[in-house]
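The values are calculated or read from the model by the stated rules, or taken from the named source; none is laboratory data. All values reported here derive from a predicted model rather than from experimental measurement. All Cβ positions, glycine included, derive from the backbone under ideal geometry; neighbour counts span all protein chains shown.
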Amino acid sequence: MKTRDRLRIAMQKSGRLTEPALELLKRCGLTFRQSRDKLFCFGEGEPVDLLLVRDDDIPGLIAQGVCDLGIVGRNVLDEFALTAGRDVAPLAEWRALGFGRCRLSIAVPQEMDYRAPSDLAGLRIATSYPGLLGAWLRGQGVGAGVVTLAGSVEIAPRLGTADLICDLVQSGGTLAANQLRETEVLLESEAVLAGPQTLPADERGDMIELLFRRLDGVIQVRESRLLLLQTSRGALDAVVRLLPGGPQPTLLPVAGQPDQLMLQALCAGEVSWRQLEEIKKAGAREMFVLPVEKMLA
Ligand code: ATP
Ligand code: MG
């Protein structure tokens, strides 16, 4: 195949992953100009273009080498791995992106008496994920019928085309609206950056490295908070013990107050009011929690 000197990333044209994926790429410093047919986005600064497609097509486009990387739900990527056939190059999940979170679950009619996977023996399960469901059933040693549907899986039990379903769940609202109850989680999913197991070794490889570095920074920063506070030297140990996870804090002297220290700590996640109140009780004051804009370790 003809090699390309620009990186091409496949992503969902219109759906749940579109906005957050574009936002993430923007935060990595990538901006795009959309073609008139809205199928292609030309990268303006860096040599990175986007191909906008249905999410189901993304793993295939990477496997065929049409795109170098893709942003797609783990559910779609793992289903592809199980159903694509042996002659298709295996793909890798290079980064988890932290949005589009959902789970692939078994849900049964509310009135069904479900206790364990063995209760599913002989029943018909409607799903758009026959590969993942089939693998799970085999793992559980349960023989059940798999009814593959492209969409509207949640109404299959009411239509009588299946006894229960295996579908994506986020809040559980759709299940409740259809009198279904979630019983088993088969897969925890989120959007991932997928690519071939062996990345290209040409200029595109360099661009991928750069993208990975920026993504790691953006993902880490998104969850990070900078905590600033003042404490007396006497209370320092007690305060440090209460700091939410992260690297060692930095300590700075406070001018004119030899007993006081200014403490700066990078926290890996949210810092709650309750945590702040505990730290204050231990002797801290003048506390600030700041979002982190950019980080380059
Ligand atoms: P397309 O037209 O691209 O095929 P789609 O209808 O298959 O779109 P969406 O409903 O936009 O796809 O979902 C895209 C991805 O969002 C899913 O594959 C999944 O990874 C994730 N997702 C998060 N929450 C949910 C949810 N409640 N239901 C379905 N998908 C969800
Ligand atoms: Mg789809």
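When Asp78 is tested against (1) away from ligand 2 (no atom under 16 Å from the Cβ); (2) closer than 30 Å to Val142 by Cα, only condition (1) is not met.
Listed residues Ala96, Ala107; which is among the small types (Gly, Ala, Ser) and out of contact with any Cys (no Cβ under 9 Å at 6 or more places or on another chain)?
Working: Ala107 fails: out of contact with any Cys (no Cβ under 9 Å at 6 or more places or on another chain).
Testing whether each residue is among the small types (Gly, Ala, Ser) and out of contact with any Cys (no Cβ under 9 Å at 6 or more places or on another chain) leaves just Ala96.
The listed residues are Asp68, Asp55, Asp87, and the only one of them that is touching a Gly at 6+ places or on another chain (Cβ under 9 Å), away from ligand 2 (no atom under 16 Å from the Cβ) and either under 26 Å from Arg214 (Cβ atoms) or among the charged types (D, E, K, R) (or both) turns out to be Asp68.
Would you mention how many residues in segment 58-79 are free of Cβ contacts under 8 Å to residues at least 60 places away in the same chain, farther than 18 Å from Arg6 by Cβ and surrounded by 22 or more Cβ atoms within 10 Å (Cβ to Cβ)?
Of the residues in that region, 2 qualify.
When Gln275, Gln257, Gln230 are checked against the criterion of being within 28 Å of the chain's Cα centre (by Cα), at pLDDT 90 or above and over 30 Å from Gly29 (Cβ atoms), Gln275 stands alone in meeting it. Pairing each residue of segment 256-280 that is more than 17 Å from Arg241 (Cβ to Cβ) with any residue that is assigned to a helix (DSSP H, G or I), provided the two are 6+ apart or on different chains, yields C-beta distances under 9 Å for Pro258/Arg233; Asp259/Arg233; Asp259/Gly234; Gln260/Arg233; Gly269/Glu223; Glu270/Glu223.
The requirement of being closer than 20 Å to Leu97 by Cα, in contact (Cβ under 8 Å) with a residue 12 or more places away in the chain, basic (Lys, Arg) and crowded, with 16+ Cβ neighbours inside 10 Å is fulfilled nowhere in segment 45-57; no residue meets it. Please work out which residue is nearest to ligand 2 (Cβ to nearest atom), limiting yourself to segment 143-171 and to residues that are of a type in the set (Val, Ile, Thr) and either in a helix (DSSP H, G or I) or surrounded by 16 or more Cβ atoms within 10 Å (Cβ to Cβ) (or both). For segment 143-171, the residue satisfying everything is Val153.
Against the numbered list (1) crowded, with 17+ Cβ neighbours inside 10 Å; (2) out of contact with any strand residue (DSSP E or B) (no Cβ under 7 Å at 6 or more places or on another chain), Ala121 comes up short only at (1).
The single condition among (1) surrounded by fewer than 16 Cβ atoms within 10 Å (Cβ to Cβ); (2) in contact with a helix residue (DSSP H, G or I) (Cβ under 9 Å, 6 or more places away or on another chain); (3) aliphatic (A, V, I, L, M); (4) more than 30 Å from Ala135 (Cβ to Cβ) that Leu82 does not satisfy is (4). Can you name the residue in segment 200-227 that is within 16 Å of the chain's Cα centre (by Cα) and among the hydrophobic types (A, V, I, L, M, F, W, C) and is also farthest from ligand 2 (Cβ to nearest atom) among such residues? Filtering segment 200-227 for residues that are within 16 Å of the chain's Cα centre (by Cα) and among the hydrophobic types (A, V, I, L, M, F, W, C), the one farthest from ligand 2 (Cβ to nearest atom) comes out as Val221. Residue count for segment 172-199 under the criterion of being under 18 Å from the mean Cα position of the chain (by Cα) and either more than 12 Å from ligand 1 (Cβ to nearest atom) or part of a strand (DSSP E or B) (or both): the result is 10. Taken together, the criteria exclude Thr31 from residues that are within 16 Å of ligand 2 (Cβ to nearest atom) and hydroxyl-bearing (Ser, Thr, Tyr).
Mind checking which helices (runs of 4 or more DSSP H) fall wholly inside segment 1-116 and carry at least 1 residues that are within 30 Å of Ala144 (Cα to Cα) and away from ligand 1 (no atom under 12 Å from the Cβ)?
Of the helices (runs of 4 or more DSSP H) lying wholly inside segment 1-116, those with at least 1 residues that are within 30 Å of Ala144 (Cα to Cα) and away from ligand 1 (no atom under 12 Å from the Cβ) span 58-63, 74-83.
For segment 212-240, the set of residues classified as farther than 30 Å from Leu7 by Cα and without any contact (Cβ under 8 Å) to a residue 12 or more places away in the chain consists of Asp237 only.
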